[in-house]
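For reference, the structure is listed below as structure tokens.
The values are calculated or read from the model by the stated rules, or taken from the named source; none is laboratory data. What you see is a predicted model; the values in this text were computed from it and never measured. A quick note on method: Cβ atoms are made from the backbone with ideal geometry, for glycine too, and the neighbour counts reach across all protein chains shown.
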Amino acid sequence: MDHINYGYLVLHEEMKVRESEPRTIIVSGVGRSGTSMMARLVEKMGIPLGETHGLAVHEDQDFLKAFQLYDRKLLDKIVFERNTKLKNWGFKFPALQNYIFPPQLDLFRNPYLILMSRDPVAVAKRSTMSDEKPASVTEALEDILLQMQSLVRFAKNSKHPTLLLSYEKALLFPENVVTTVADFCGVKLSKEQIDKCVEIVTPNDEKYISLFHADVLGYFDGIKNSFAVGWCRAKINDDPIEVELFANNERIASTTANLFRPDLATAGIGNGHHGFAFDLANFNLAKGTILQVRVAGGGHILEATFGSRSIRLESAN
């Protein structure tokens, strides 16, 4: 059975470096296409993927801050430190093509891209099931197809070794995808190590599901009159929920989501007493600061906009 049936393709194979040379493994793809599973697999093979703060999405929080803030100095600093300490390392960042241009991959030492792809209908359906304020299936599908087109264009123009992997075929042929990824990353695995890695190639990781499918409903509505506002409610009762405000991935405040909102009451969302508001005037936040609202203790991040769980400040507070 050839590689087409196994569901992977290698682009720019002529650009591969010698096995003894260091590599930077970059895991990306359209959101909800298996990038978290792939990141866990790569790390299980012994390639460090940075500090994820235990979040099941497995994203390096240092790179998350650098990319979201478009901070070139911070990015250069992180890359220099990783190159100094480690021979091979990497990071996972979905939709990387939205944050850097292909020539900027030269910032990394011998970048090797692993790009995940998934049936667009499945991704669109997953989005409408996961998001608190979902778009229609057709709107989601249109968005996913545009993202996939952008990802393919990014891969074509990168001029660096790129492994395109099918999420569905990975689940069908887990041992093959393990050996394929190991070979692409320049990692030698024993039979025992392959067997342990195969266990990771599975859908519905419990930590991932708990992060995005918590026992709460809610939404981070945005910034209104210098307040970060939204709502959050337990699925099974009207007990008040505590939420936390994060700025550039640092917790800066907490509050109880118990404010009355007529729109929630009208929509039949509990008793309507589930709103929250953080007064941003209490903080010295610069323009471009990335804000998130999370459920206290559990790490669940409230949806902010379709496909995103954060909001960027348009002006300083």
**Message:** Scan region 53-60 and tell me whether some residue there is more than 11 Å from the chain's Cα centre (by Cα) and modelled with pLDDT under 95.
**Reply:** yes
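Residues Gly275, Gly288, Gly297, Gly268: which one is touching a residue at least 40 places away in the same chain (Cβ under 8 Å) and surrounded by fewer than 13 Cβ atoms within 10 Å (Cβ to Cβ)?
Gly297
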**Item:** Top-ranked residue in region 84-111 [being within 16 Å of Leu151 (Cβ to Cβ) and not in a helix (DSSP H, G or I); ranked as modelled with the highest pLDDT]
**Value:** Pro111
**Item:** Condition met for Ser150 (modelled with pLDDT of 90 or more, among the small types (Gly, Ala, Ser), farther than 24 Å from Lys125 by Cα and out of contact with any strand residue (DSSP E or B) (no Cβ under 7 Å at 6 or more places or on another chain))
**Value:** no
